[in-house]
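Taking it in order: structure first as structure tokens, then the write-up.
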Amino acid sequence: MKKLKGNGLILFCTAILLLAGCSGALVREFVKESKEKDQFLRINRVAVFPFDNFTETKDAEKAIESLLIPALYHEEVFEDVVDPRFVRDAMKKLKIVTTDILDREQVKKLGDELAIQGIIIGKVVNYGRGKEKEAANEVSIEMALVEVASG
């Protein structure tokens, strides 16, 4: 094996460090910061609406829901999160089939029906293994918090 000297040794060490740094899990967070500090402090009680599933994985939205709601409780993000059964019942009662198109009137009716200040809506965009051969599991979701009072 050929001995590395000077620049060759530096390039070799740099390459090893780069490869070692790229082998770990990759977490990306895309969060838009609030323009107004503490603007959502008045939202104490929320409902998490059924997420839309845009993946090939069956029931990916249910898996996300089963992780999100306990996390909201555990992290004490809001004082109360409405049970998903009550959300589905209210949607049936108000004849709302999907959450991707909600107008202000529907949002306010849902808020009154569930006694909430906010609605969390979202969709699962990616769920499962990455595209590369030995890629780690990937989950991508898009969520929005809708204030009931303003729609």
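About its Cα centre, the range 50-150 has a charge dipole of approximately 440 debye under the convention of +1 per Lys or Arg Cβ and -1 per Asp or Glu Cβ, with nothing else charged.
Cα extents for the range 33-148 along the principal axes, largest to smallest and rounded to whole angstrom: 49, 35, 25.
Applying both filters, DSSP loop and at most 14 other Cβ atoms within 10 Å, to the GluC sites (Glu not before Pro) of the range 102-133 gives E132.
Within the range 120-146, find all residues whose amide N lies under 18 Å from a label point positioned 7 Å from the Cα of D59 along Cα-to-beta-carbon. Counting only backbone N, you get 124, 127-129.
Between D83 and V97, the contour length at 0.36 nm per residue exceeds the Cα-Cα span by 3.2 nm.
Shown here for the range 91-133: trypsin sites (Lys or Arg not before Pro) in loop regions (DSSP other than H, G, I, E, B) with at most 10 other Cβ atoms within 10 Å, namely K95, K131, K133. Electrostatic tally near L68: other residues with Cβ closer than 11 Å to its Cβ, Lys and Arg +1, Asp and Glu -1, net -2. Which chymotrypsin sites (Phe, Trp or Tyr not before Pro) does the range 63-151 hold that lie in a coil by DSSP with at most 14 other beta carbons within 10 Å? Sites meeting the loop and neighbour criteria: none at all. Computed with a 1.4 Å probe over protein heavy atoms only, the accessible area of D89 comes to about 90 Å². Can you pull the percent of the range 55-142's accessible area that's carbon plus sulfur, 1.4 Å probe, other chains left in place? With neighbouring chains kept in place, the figure for the range 55-142 is 49 percent.
Between the listed residues Q117, V87, V97, the Cα displaced farthest toward the positive end of the dipole of the range 80-135, a dipole computed from Cβ unit charges relative to the Cα centre, is found at V97.
The values are calculated or read from the model by the stated rules, or taken from the named source; none is laboratory data. Keep in mind the model is a prediction, meaning the values are calculated, not measured. Because the Cβ atoms are built from the backbone with ideal geometry, glycine has one as well, and the counts that use them run over all protein chains shown. Ligands, DNA and RNA are excluded from the accessible area calculation, which covers all protein heavy atoms including side chains. Shrake-Rupley method; radii C 1.70, N 1.55, O 1.52, S 1.80 Å.
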